[in-house]
Amino acid sequence: MHIPGQQTPIYNLSMVYDVPIFAGVGEHEQHLLAGKLTVEYFNEGIVIEEGAVGDRLYVITKGTVLISKKYPSKGWVPINTLGPGDFFGEIAILRKIPRTARVSVLTPCTFLTINADDFLDIYQSFSPQSRDNIQIIIAKRLEQLRDMA
């Protein structure tokens with residue numbers, strides 16, 4: 001079950017500080033992000049499907065998800081489990097490629113989300129160091145997916 005919703009920017013700003021993908025992001029950019037974040041709830045099911053168009057970035061504030069990938073010779077393979085403070089969806093948005101994995105709810109989840117266009121607009125104002133941090137995270141995740149093949 002999916003129930004989209006919204007929270008106030010003050011709540012969202014407090015959450016932005018603790019998200020690794022936003023480490024080193026300036027205060028101005030944090031406020032911009034906080035103003036664009038919405039809250040979404042999933043009690044069960046698939047949050048994103050491998051191969052789909054990347055339209056949102058997700059930050060987990062409550063619950064756990066399973067990241068899995070489909071390989072021709074192995075079927076669906078679990079890759080990782082993520083929980084509060086973790087994030088997903090950044091690869092498809094920043095690399096402009098289809099979703100690289102499936103994300104399924106393991107326990108009821110609350111996510112802070114930002115749509116791709118808003119994130120990309122704000123991302124352009126991140127410092128080079130902050131953008132490098134995000135690209136390093138993406139490279140590590142893509143390497144993990146390749147290693148599983």
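Here, each number is a calculation from the coordinates, and none is a lab measurement. For clarity, every value in this text was computed on a predicted model and none was experimentally measured. Here Cβ is always computed from backbone atoms with ideal geometry, including for glycine, and neighbour counts include all displayed protein chains.
Observations on the model:
- Top-ranked residue of segment 39-73 - restricted to ones that are within 14 Å of Ala101 (Cα to Cα) and without any contact (Cβ under 8 Å) to a residue 40 or more places away in the chain, ranked as nearest to the chain's Cα centre (by Cα): Ile67
- Counting only residues that are in contact (Cβ under 8 Å) with a residue 40 or more places away in the chain and either over 16 Å from Tyr58 (Cα atoms) or of a type in the set (Asp, Glu) (or both), segment 122-149 holds 12 of them.
- Filter result for Arg99 (surrounded by fewer than 18 Cβ atoms within 10 Å (Cβ to Cβ) and over 22 Å from Gly26 (Cα atoms)): no
- Yes/no for Leu142 being over 18 Å from Val16 (Cα atoms) and either of a type outside the set (Val, Ile, Thr) or buried (at least 19 other Cβ atoms within 10 Å of the Cβ) (or both): yes
- Test for Gly83: is it crowded, with 19+ Cβ neighbours inside 10 Å and of a type in the set (Gly, Ala, Ser): no
- Any hit, segment 94-109, residues being free of Cβ contacts under 8 Å to residues at least 60 places away in the same chain and more than 15 Å from the chain's Cα centre (by Cα): yes
- When residues in segment 102-141 are screened for being among the basic types (Lys, Arg) and either within 29 Å of Asn43 (Cβ to Cβ) or in contact with a Ser or Thr (Cβ under 6 Å, 6 or more places away or on another chain) (or both), 2 of them pass.
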